[in-house]
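The values are calculated or read from the model by the stated rules, or taken from the named source; none is laboratory data. Because the structure is a prediction, the values reported are computed rather than measured. When we count neighbours, we look across all protein chains shown, and the Cβ atoms used for this are built from the backbone with ideal geometry, even at glycine. To get the accessible areas, we keep the full protein, side chains included, count just its heavy atoms, and leave off ligands, DNA and RNA. Shrake-Rupley method; radii C 1.70, N 1.55, O 1.52, S 1.80 Å.
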Amino acid sequence: MSDAEYHRATAAILAAVESHVDRWLDDDVIDIDTHRNGGVLEMTFPNGSKIILNTQAPLHELWMAARAGGHHYRFLDGQWVDTRDGSEFFASLSKQATAQAGQALVFASAA
């Protein structure tokens with residue numbers, strides 16, 4: 001993956017996550033506050049907990065910090081996978097968001 005491809009891919013991921021959160025707000029599902037600064041997207045849940053997504057361009061990774069811990073993802077075989085347990089990014093994000101929100105939340109790729 002080239003640097004340009006990495007930047008396009010991670011920008012699309014952050015945009016997809018923001019789009020899901022905006023849709024949930026519009027549909028009165030949950031009020032998650034988002035703040036994006038460059039390659040960092042911070043989501044604050046109603047209970048005050050946070051999930052932070054952070055692009056790591058030098059490593060071509062996407063990092064997620066959640067209440068349950070931190071995860072690093074690399075693009076392999078067409079998907080972003082955790083470097084430790086092999087879980088897929090959107091599945092893991094859904095699991096962490098569900099745990100922190102106390103209700104089922106499912107994120108999916110925009111692709």
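In region 3-14, the condition of being out of contact with any strand residue (DSSP E or B) (no Cβ under 7 Å at 6 or more places or on another chain) and touching a residue at least 60 places away in the same chain (Cβ under 8 Å) is met by at least one residue.
Quick one: in region 56-88, of everything that is part of a strand (DSSP E or B) and of a type in the set (Asp, Glu), which residue is most open to solvent (accessible area, probe 1.4 Å)?
88
Annotation note: of 98, 34, the sole residue that is without any contact (Cβ under 8 Å) to a residue 24 or more places away in the chain, part of a strand (DSSP E or B) and either open to solvent by less than 60 Å² (accessible area, probe 1.4 Å) or not hydrophobic (A, V, I, L, M, F, W, C) (or both) is 34. Checked against (1) at pLDDT below 95; (2) closer than 16 Å to residue 109 by Cα, residue 28 meets all criteria but (2). Residue count for region 28-66, restricted to those that are more than 16 Å from residue 14 (Cα to Cα) and among the acidic types (Asp, Glu): 2.
Please find, within region 17-31, the residue that is most open to solvent (accessible area, probe 1.4 Å) out of those that are touching a strand residue (DSSP E or B) at 6+ places or on another chain (Cβ under 9 Å) and closer than 23 Å to residue 4 by Cα. For region 17-31, the residue satisfying everything is 18. Which residue, of 105, 53, 14, is buried (at least 16 other Cβ atoms within 10 Å of the Cβ) and touching a helix residue (DSSP H, G or I) at 6+ places or on another chain (Cβ under 6 Å)? Only one candidate qualifies: 105.
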